[in-house]
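Since every read-out is calculated from the coordinates, none of them should be taken as a lab result. These numbers were taken from a predicted model, which means no experiment stands behind them. Neighbour counts are summed over all protein chains in view; Cβ atoms, including those assigned to glycine, are modelled from backbone coordinates with ideal geometry.
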Amino acid sequence: MSLLLVQSVTCEGFQANLQCGEGQVLVIHGANYGRRDKTTCSAGRPASQLQVVQCSSQTSTNVVAESCNGKNSCTISASNSVFGDPCVGTYKYLEVDYTCQFQTVTCEESEANLQCGKGQILVIHRADYGRHDQTTCSNLQPHCRLRDVQCSSPESIEVIAASCNGKNSCNISASNSVFGNPCFGTSKYLEVDYTCQFQSVTCEGSQANLQCEKGQVLVIHGADYGRHDKTTCSAGRPASQLQVVQCSSQTSTSVVAESCNGKNSCTISASNSVFGDPCFGTYKYLEVVYTCQFPSATCEGSEANLQCEKGQVLVIHGANYGRRDKTTCSDGRPASQLQVVQCSSQTSTSVVAKSCNGKNSCTISASNSVFGDPCVGTYKYLEVDYTCQFPSATCEGSESNLQCEKGQVLVIHGANYGRRDKTTCSDGRPASQLQVVQCSSQTSTSVVAKSCNGKNSCTISASNSVFGDPCVGTYKYLEVDYTCQFPSATCEGSEANLQCEKGQVLVIHGANYGRRDKTTCSDGRPASQLQVVQCSSQTSTSVVAKSCNGKNSCTISASNSVFGDPCVGTYKYLEVDYTCQFQSATCEGSQANLQCEKGQVLVIHGANYGRRDKTTCSDGRPASQLQVVQCSSQTSTKVVAERCNGKNSCTISASNSVFGDPCVGTYKYLEVDYTCQ
């Protein structure tokens, strides 16, 4: 059962938008920023910019993986400012190969709950029981139990795969009793990467019915007609028909793929007449693993409807009208119309790009009248590779309006005022104003960054008065590559405002007051204040944690008076890494009620039944019951995790009968740190 590889292509100057479904994360398998052929991202480009086809930035995969691995979605600019320029003068593009996987992390002594949708099965791709960093599952753990970060149980993947592969759901304990103990004295956790796929099992003599939702088509990943165990399709069968369990028709996948790929639904017989008889006298069954996707091809005679969300525009990366295989758009067609599989209209990309680039939506007919007939007598289809992006070019004389959502700030990655092709901002312009396509103001990025970095919104004029005139007589435009981020640094003399949503509290993971580069908080500062880049106040994390941990919001000054001055004469800034978690504190004798929103489940990160201060749950209590503040039940996290992990809501009693009594005579309370996923 193979992973479903997604391929993204983004032309230079645009942003690659990698997106997974709800609850899934990106896993980057490879990337290349450069050029490997003359056709990709060639629309409107002069031949001189397309000649070099052995061009590759060696850091491509590392850069994308570092930025995107483990995220649900990721935006990265296809630009020299990110990857460097591996071939000057060549128009490049960014290719990214990635998959989307479910990823779960379960702390030691808790249970991992792997779950697929109805009709789907688990496919385990990676698992590791051990520790690889000091932050994961670190809550309430002493530092000595977090130091070993090269800890891994070599049997992890085999144990998980044997327990969970092929099931709709699976619960497995993250414990030494299951995986062994790869590092004594270290607090461990279990990581599992998996996908969910549909699986159909049909007994010999019956019909397999594969079905997708409306608008989606079947993609066959694997099939097998034969027998691999003695239990499947065994009801009422004599033992003699079930003994052979290494039986497989070698043509299974190709037969099912040829019959079903690209269709909304498909019926295929699990029979010797279709697959041959791989083990005579054995009662067989047909297994099919498949996914459902929206179609990427429009059959001849139909219309391709390309659509972006509000505010975004189409960017065409490539198109082909013709035929490249025998299965796509083959339903009901005679074999004679499907034989030619090296058929392509050479104008496909330019026709679609001219019709659709820059529009919010576009309809184009997959027909000979639009593209010509590249292979007479063959039934053709139109394939279009495109992305939806926010418009990034502002024509000369207009204003570029860059806008982030509330609470976020602009981060400028690159900009160019000039001209790099003949099509952008060409409407109504004479050809003489469009000929120069190697025109660039060298100060573009610095001008935009100086004006816009760190702001929520920014307006800048695409004009010679701002950028100078890099090519007199040419009509220019301004391109800006940017992302919106929550501010991660607070400049010296300002206040850091950390904020969680209602009902959540701050958990500080790390902080640094000092300087680690020459660009952050550098605006208007002399070079002498930016030279020292190995500057750090050693008390940063403890100061921020003491001030902010457990609060819904927190304001702290980025100043020497708070953190001391770790590098006199250097202009510093404060960086804070934090998450927001729900936190419940329940007084002894009461019930803790943990609740997630509909569709979410509880993930317990830590719990403590005992007492850690003199104020919590102190109302009306004598001082003698509040004195002991180093009181903790060692089983707290395990007890709460076992009862609550994976549930939408959970009620647990804060009492000695549940947790034992870690400090007799002290009035205790139960604290629980958790998130909803």
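For the range 297-389, state what percent of all Cα-Cα pairs lands in each successive 10 Å bin, counting from 0 Å until the bin that includes the largest distance.
For the range 297-389, the binned pair fractions read 18, 48, 25, 8, 0 percent.
Pull out the extension gain between Asn456 and Gln591, defined as 0.36 nm times the separation in residues minus the alpha carbon to alpha carbon distance; nm, one decimal.
On the way: separation 135, 0.36 × 135 = 48.60 nm, distance 4.36 nm.
Between Asn456 and Gln591, full extension yields 44.2 nm more.
Let me know the shape class of the range 393-485, please: from the alpha-carbon gyration tensor, a ≥ b ≥ c as square roots of the eigenvalues, rounded when a/c is under 1.5, otherwise prolate if a/b is greater than b/c, or oblate. Walk me through the numbers on the way to the answer.
Values: a/c = 2.52, a/b = 2.06, b/c = 1.22.
It comes out prolate by the Cα gyration axes.
Give the relative contact order (percent, whole number) for the chain; include only Cα pairs under 8 Å separated by 6+ residues.
Details: 1532 pairs, mean separation 63.6, N = 677.
Over the chain, the number comes to 9 percent.
Between Arg516 and Thr423, what is the label-to-label distance in nm when each label sits 7 Å out along the Cα-to-Cβ direction?
Reported label-point gap for Arg516 and Thr423 is 4.1 nm.
Can you give me the C-alpha center-to-center distance between the range 515-551 and the range 612-672, rounded to a whole angstrom?
Computed from Cα coordinates, the inter-centre distance equals 38 Å.
Which one, Ala449, Asn32, Val105, is farthest towards the positive end of the dipole of the chain when Lys and Arg carry +1 and Asp and Glu -1 on their Cβ?
Of the listed residues, the answer is Ala449.
In percent, what relative contact order does the range 237-309 have, based on Cα pairs under 8 Å that are 6 or more apart in sequence? Kindly include the intermediate steps, with their values, before the conclusion.
Numbers: 30 pairs, mean separation 27.2, N = 73.
This gives 37 percent for the range 237-309.
Just grab the label-to-label distance for Val88 and Asn497, each label 7 Å out from Cα along the Cβ direction, in nm (one decimal).
4.6 nm
Hey, how much of the P(r) for the range 588-676 falls beyond 18 Å, as a percent of Cα pairs? Write out the running numbers ahead of the final one.
On the way: 1679 of 3916 pairs.
In whole percent, the share of Cα-Cα pairs in the range 588-676 beyond 18 Å is 43.
Show that you can apply the helix-only estimate: for the chain, add -39,500 (n - 2.57) for every DSSP H stretch of four or more residues, divide by all residues, and state [θ] at 222 nm to the nearest 500.
After summing the helix terms and dividing by the residues of the chain, the value is -3000 deg cm²/dmol.
So I have (1) 48, 44, 19; (2) 42, 34, 23; (3) 53, 33, 28, and one of them is semi-axes √(5λ) of the Cα gyration tensor in Å calculated from this model. Which one is it?
Structure-derived value, by its label: (1).
Would you work out which of Gly564, Ser463, Pro526 lies farthest towards the positive end of the dipole of the chain, given +1 charges on the beta-carbon of Lys and Arg and -1 on that of Asp and Glu, about the Cα centre?
Ser463
Report the full-extension gain for the segment Thr616 to Val149: residue separation times 0.36 nm, less the Cα-Cα distance, to one decimal in nm. Kindly include the intermediate steps, with their values, before the conclusion.
Numbers: separation 467, 0.36 × 467 = 168.12 nm, distance 3.46 nm.
Extending this stretch completely gives an extra 164.7 nm.
Please work out the FRET efficiency for the pair Gln627 and Ser653, using the Cβ-Cβ distance as r and a Förster radius of 30 Å; give the result to the nearest 0.05. It would help to have the intermediate numbers written out before the result.
Numbers: r = 24 Å, r/R0 = 0.81.
Result of the calculation: an efficiency of 0.80.
Can you give me the relative contact order of the range 4-130 as a percent, contacts being Cα pairs under 8 Å and 6 or more apart? Please list the in-between numbers first.
Working: 225 pairs, mean separation 49.7, N = 127.
The normalised contact order for the range 4-130 reaches 39 percent.
Only counting other Cβ atoms within 10 Å, I'd like Asp613, Asp224, Asp565 sorted with the fewest neighbours first.
Numbers: Asp613 10, Asp224 21, Asp565 16.
So the residues, fewest neighbours to most, are Asp613, Asp565, Asp224.
Within a 10 angstrom radius of the beta carbon, how do His132, His143, His605 rank from fewest other beta carbons to most? Numbers along the way, then the final one.
Working: His132 13, His143 8, His605 24.
Final ranking by Cβ density, sparse to dense: His143, His132, His605.
To the nearest 0.05, what FRET efficiency results for Thr555 and Phe184 with a Förster distance of 45 Å applied to their C-beta separation?
On the way: r = 43 Å, r/R0 = 0.95.
About 0.55, to the nearest 0.05.
If you place +1 on the Cβ of every Lys and Arg, -1 on the Cβ of every Asp and Glu, and leave all else neutral, what size is the dipole of the chain about its Cα centre, to the nearest 20 Debye? Spell out each step's value before the answer.
Numbers: 52 positive and 56 negative charges, 76 e Å.
Once rounded to the nearest 20, the dipole reads 360 debye.
What size of dipole, in debye to the nearest 20, comes out for the range 297-389 about its Cα centre when the only charges are +1 on Lys and Arg C-beta atoms and -1 on Asp and Glu C-beta atoms?
Values: 8 positive and 8 negative charges, 18 e Å.
Charge dipole, the range 297-389, about its Cα centre: 80 debye, nearest 20.
For a footprinting-style exposure proxy, rank His228, His125 by other Cβ within 10 Å, fewest first. Let's see the in-between values first.
Values: His228 13, His125 19.
Result, fewest neighbours first: His228, His125.
Nearest 20 debye, what's the magnitude of the dipole of the range 6-102 about its Cα centre given +1 on Lys and Arg Cβ and -1 on Asp and Glu Cβ? Numbers along the way, then the final one.
Values: 6 positive and 7 negative charges, 51 e Å.
For this selection, approximately 240 debye.
Quick check on my link table: of Lys551/Lys668; Lys546/Lys647; Lys92/Lys476; Lys188/Lys638; Lys359/Lys476, which ones sit more than 25 Å apart, alpha carbon to alpha carbon?
Numbers: Lys551/Lys668 21 Å; Lys546/Lys647 32 Å; Lys92/Lys476 20 Å; Lys188/Lys638 13 Å; Lys359/Lys476 20 Å.
Check vs 25 Å cut-off fails for Lys546/Lys647.
For Ser177 and Lys71, calculate 0.36 nm times their separation in residues minus their Cα-Cα distance, and state this gained length in nm to one decimal.
Working: separation 106, 0.36 × 106 = 38.16 nm, distance 3.13 nm.
Result: 35.0 nm gained on full extension.
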